[in-house]
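Scroll down for the structure; my scribbles are underneath it.
The values are calculated or read from the model by the stated rules, or taken from the named source; none is laboratory data. Remember, it's a predicted structure, so these values are computed and weren't measured experimentally. Positions of Cβ are generated from backbone atoms using ideal geometry, with glycine treated the same way; all protein chains shown enter the neighbour counts.
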Amino acid sequence: MALKDEPSEIKIIVCTALAGLIESLERKQRKKPASGGTAAPAAKIAAVAASAELNAVSEFAPNYLPLLFNLFTSASSSDPIHHPSFVATMAYVGITAPAVSANLFKQLMTRLLAPATVATMRVSLTQLAQAFVPKLKDEELSFLFDSIRPQLSDSDAALQKRSYGVLASICEHHQQWTRTNVALLTETIGSALAACKAQAKKVVSRLSIYLLYECPASQLTDESLGWLSH
């Protein structure tokens, strides 16, 4: 039986356990052993073992991430599996080899931009795209920005909110890209504000903070400062 066909309780357990395993191994990998003493060699061995286990898990990304994608996109936002499947996806993407991650991101974006993709699916795919943001290179970030830019003015409030969420994630994880493109970001968001739904305004406020405090003031125009300060 496929994972998506399992009872909801089983799906939640699997996703929670997978995310927990990855996060636990990452903590062990990052843990710095205390200098000196008999515990230091053991801690180093544990970190090396954790790295090896993470590498082993990451090799299955081409098999497991599509399953997690399907699980997430087939669930409504009120489904109990919706959040655990996204958390598991983010954790798995974080340890996936760059080449594999880039290929999966390309496939996801192809599906997002397909004319036949329905509105509810576009919302889910936009949120999934956010899971890839920390690993994206500059050209991929620009492609993602150009792709979700029209969605900022979409009449679908959920799609708007997820699209602004992608921009907030870009600003949070890629400060240099944000500084380089601050004029384009502020112009784009300022132009889309007239169509901004109430559900997206909290995310827009987060964006305002990033743009005001992470970018040099000299790069912000008077017009952009107007809406950023409100």
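Mind listing whichever residues of the stretch 104-122 are in contact (Cβ under 8 Å) with a residue 24 or more places away in the chain and under 23 Å from His174 (Cα atoms)?
Matches in the stretch 104-122: Leu104, Phe105, Leu108, Met109, Leu112.
Need a quick list: helices (runs of 4 or more DSSP H) entirely within the stretch 144-220 having at least 3 residues that are closer than 27 Å to Met121 by Cα.
Ranges flagged: 157-173, 182-192, 201-214.
On the given criteria, is Val204 in contact with a Pro (Cβ under 9 Å, 6 or more places away or on another chain), over 23 Å from Pro66 (Cβ atoms), at pLDDT below 95 and surrounded by 16 or more Cβ atoms within 10 Å (Cβ to Cβ)?
So Val204 fails the test.
Residue check, Ser35 against (1) modelled with pLDDT under 85; (2) small (Gly, Ala, Ser); (3) within 19 Å of Thr89 (Cβ to Cβ), all met but one. Which one?
(3) is the only condition that Ser35 fails.
Which members of the stretch 66-100 meet the condition of being out of contact with any Cys (no Cβ under 9 Å at 6 or more places or on another chain), among the β-branched types (Val, Ile, Thr) and not in a helix (DSSP H, G or I)?
Correct list: Thr96 only.
Residues that are within 23 Å of Gln127 (Cβ to Cβ), exposed (fewer than 14 other Cβ atoms within 10 Å of the Cβ) and not assigned by TED's automatic domain parsing to the domain that holds Lys135: does the stretch 34-46 have at least one?
Within the stretch 34-46, not a single residue is within 23 Å of Gln127 (Cβ to Cβ), exposed (fewer than 14 other Cβ atoms within 10 Å of the Cβ) and not assigned by TED's automatic domain parsing to the domain that holds Lys135.
State the number of residues belonging to the stretch 1-31 that are among the small types (Gly, Ala, Ser) and crowded, with 16+ Cβ neighbours inside 10 Å.
The total comes to 1.
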